[in-house]
Structures are given as structure tokens and as C-alpha cells.
Amino acid sequence: MSINKITTAAVQAGINTDQHHGAVVAPIYLSSTYSLKGFNDKREFDYSRTGNPTRATFAQAIATLEQGSVGIVTSTGMAAVHLICQLLSTEDLVVIPHDCYGGSFRLFTHLAKRDLFKLIVVDQNDEEALAKALAQKPKLVLLESPSNPLLRVVDIEQVTKACHTVGALVAVDNTFLSPALQQPLLLGADIVFHSTTKYINGHSDVVGGVVVTKEQALGEELAWWANCIGITGSAFDSFLALRGLKTLPVRIKQHQENAVQVAAFLKNHPAIDVVYYPGFTDHPGHDIAKKQQSGFGAMLSFEVTGGVNSVKKLFDNLTLFTLAQSLGGVESLISHPQTMTHAGMDEAARLEAGIRDSLVRISVGIEDIDDILADLAYGLEQSQNA
Ligand SMILES: *Cc1c(COP(=O)(O)O)cnc(C)c1O
């Protein structure tokens, strides 16, 4: 689907579907339970943990945007990851990237410690290490591209092919780009998942997640588990996230336009040692990103000259950027992965993944670009003062 078609699908999701009153926008159904028509005669919905009309509308919208068959809306992004873990048994092997989202890393390593499955952590850009891991015939391979916070890119199509030859399922975390910029199922993946907390809702007022499968049967198996373990998302969150989704493509356009300028500004700045942004032609993942994404996104990270002291001074002198976890909201956010998003990883694993104390991550918002650049310019200048 082109971004134009995605724009239409996102805006039209649930529009004019109300049979009862003709509400143009899909109504919110907060009822926890639904009456039976009569003895042993169920309607489509019976209990909101199992199924809810508002959640179903949102799930269908994301499944459409991701070109999948089944969408399952979960209470958080981590619940989406945990749901995928239900496919695993004790003898199964899972392969995860060494630089995945800190919460995913924590979940997989701690469940593996309890022997719920076997785990290998690899640098998925290291072809030899990846081939060695795949030779052990994993049941599931997790991909995250671009990765958080270093924006490393993996070739989803190529890695998926290699995984499929050994019979592994491939699940891709698409949170950093959203379906507006990348559609992993079209690149061959079996499962795509999101923290909808980020770009999909886009307004930093919902925590949620979604899993979409390519195949109907796998989707039904996961939907069964979602009800069984009780991690489905609420009607109210689904309503808000569906509202956010409608403007996803237009927000993404503005996010990206700003990010290109921020990246260029940071690249030439004397207070910065290195900028990680896949849009740069010298970024190691640039060509792959160009091939599999329809844009470079609006997340970037950089290392400040002078280490953590300079980082602290930078944060102290910003006014437009808010120092906060999370990303993908309309407002610009700045964070320090070592002490924030990736604090759940131990020091050795963090350094192995390349996350140093001088690293700063930003989620470029949709404010006026002149204001964004002026804020960064002032903060960076102050960061170098004694
Ligand atoms: C935030 C995030 C998650 C976890 O989602 P929550 O909604 O916070 O539970 C997973 N993956 C990535 C890439 C994220 O940024």
C-alpha cells in the first residue's frame, strides 16, 4: 500500500459503520458484557475481555494498514511481546537482537532464566553470528528495525528468508516506523507488532499494543491466548488510539520533514561527536532502509562531546524538548537511554549493544522547525560550557 492509500485507509477506519444511529465516527462501547439474544444464542460479542466492538474496529484498522489477516489489540506494547511468547514451549529456541528495546530484552532474558524457552541474543547484522544461531533451528526470531536507540537497520526480507529455510517464525517490532513507513508482512514476516503508545496513537495519552499476523490460523491462536491470559486492550484506549491513527500518515510526514533538518543540523555541530540517523547516505543501514522503508522516520540519536556531564547540561538548558521516555508523540522528546529506556539491561549488555553514557535519543515532534532547532542550538552551546 502506498502512503496515499494508507492515508485513506487510516482516515476511513470505522467511519459510517454505526447501524443504530448513523454515528459517523465509530462509537465507543464501554459495556463489559453483552446480552445473549436468547438461550444458547450468542451475538458477535459476549464479554469485553474476549471481544469488544471498539477494540475490534481498531484491530481491523491496523490489520488493514499492515496488510495482515488478524489484528489483536493488547493493553501495552509489552503485552504484545508477551502474547507472542505464548507460542513458545520449554524446548523452543528464540533469537532476539542484542540491541532490541530494553523492555523486550528484559522480558525475554527473564523468561528464559525461568526455563520457559531457550534464548540466543545476537547482533543480527553479524552474518556469521546470525547463521550460527539459525543453524540451531529456532522456533521464533525477533527483529527490530530500525533498532532502539541506535537506529541499526536489518534487511527484513533477507533475514526472513533465512529464518524460513530453518522453519522459524519471524516477528518484527515496527514501533519506530509504523505501517505508514514500513510493512514487514509484505517483506515476508509472519508477525508484526507495535507499541501503539508511540506513533500509532501519537499523542502520548495512551499505553497500548497490537499484534498483526499474516496468516489467519496463527492470528486465531494468538487471539485465543490474548483472551485466555487477559491482556486485551480497553475500549477507551482503543477509541483514542483509533482517533490518533487517523492522522498517522499526515503526522509522519511532518515528523520526517522536521527530522531531516534536525539530523543535518546535528551532523555539523561542534558539540556532537556522532549522529545516528538512517537517512544519512553514510549510515551503514542507509541502502537497506531505502529499499524496505518509505521514509527514514523521525527518531535519531547522537553522542555529545564531553560525555555525561555535557548531556546533563544539555538537558538542563532545553525548554521545548521534554526530558521523558517514550517517543512518537506530536511533541519533541529527549531521553538518555543508559539511565532511562535501557536501564533494564545490565551494564555489560548495554555496552555490548553500543549504548554509552554520552548517548542521547530524540523523538522529533511536529512543532515549527525553527523553534526545534533554536532550542537544540542553545542547549548544545550550553552543554560545552565549563
Ligand atoms: C515502547 C516500546 C515497546 C513497549 O511498549 P509499551 O507500550 O511501553 O509497553 C516495545 N518496543 C519498542 C520499540 C518500543 O519503543
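Summary of values
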{"read-out": "Selection from segment 278-294 of residues that are open to solvent by 10 Å² or more (accessible area, probe 1.4 Å) and closer than 16 Å to Ser363 by Cα", "value": "Gly279"}
{"read-out": "Filter pass, Val262 being more than 16 Å from the chain's Cα centre (by Cα), at pLDDT 95 or above and in a strand (DSSP E or B)", "value": "no"}
{"read-out": "Helices (runs of 4 or more DSSP H) contained entirely in segment 272-386, each with at least 3 residues that are within 27 Å of Thr109 (Cα to Cα), among the hydrophobic types (A, V, I, L, M, F, W, C) and not assigned by TED's automatic domain parsing to the domain that holds Ser204", "value": "347-352"}
{"read-out": "Scan of segment 331-386 for residues that are of a type in the set (D, E, K, R) and touching a Leu at 6+ places or on another chain (Cβ under 9 Å), ordered by number", "value": "Glu331, Arg361, Glu367, Asp371, Asp375"}
{"read-out": "Test: residue in segment 250-261 that is in the same structural domain as Ser332 (by TED's automatic domain parsing), among the small types (Gly, Ala, Ser) and either away from the ligand (no atom under 13 Å from the Cβ) or open to solvent by 40 Å² or more (accessible area, probe 1.4 Å) (or both)", "value": "yes"}
{"read-out": "Only listed residue being more than 28 Å from Ser238 (Cα to Cα) and within 16 Å of the ligand (Cβ to nearest atom), chosen from Leu151, Leu181", "value": "Leu151"}
{"read-out": "All positions within segment 63-77 that are farther than 13 Å from Gln182 by Cα, open to solvent by less than 40 Å² (accessible area, probe 1.4 Å) and either assigned to a helix (DSSP H, G or I) or hydrophobic (A, V, I, L, M, F, W, C) (or both)", "value": "Ala63, Val70, Ile72, Val73, Gly77"}
{"read-out": "Condition met for Val95 (touching a Pro at 6+ places or on another chain (Cβ under 6 Å) and of a type outside the set (Phe, Trp, Tyr))", "value": "yes"}
{"read-out": "Verdict on Leu222 being out of contact with any Pro (no Cβ under 8 Å at 6 or more places or on another chain), open to solvent by 10 Å² or more (accessible area, probe 1.4 Å) and away from the ligand (no atom under 11 Å from the Cβ)", "value": "no"}
{"read-out": "Candidates Leu111, Leu134, Leu130 - the one that is within 16 Å of the ligand (Cβ to nearest atom), surrounded by fewer than 23 Cβ atoms within 10 Å (Cβ to Cβ) and of a type in the set (A, V, I, L, M, F, W, C)", "value": "Leu111"}
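The values are calculated or read from the model by the stated rules, or taken from the named source; none is laboratory data. A quick note: this is a predicted structure, and the numbers were derived from the prediction, not measured. Note: ideal-geometry Cβ built from the backbone for every residue, glycine included; neighbour counts use all protein chains shown. Calculation scope for accessible area: heavy atoms of the full protein, side chains included, ligands and nucleic acids excluded. Shrake-Rupley method; radii C 1.70, N 1.55, O 1.52, S 1.80 Å.
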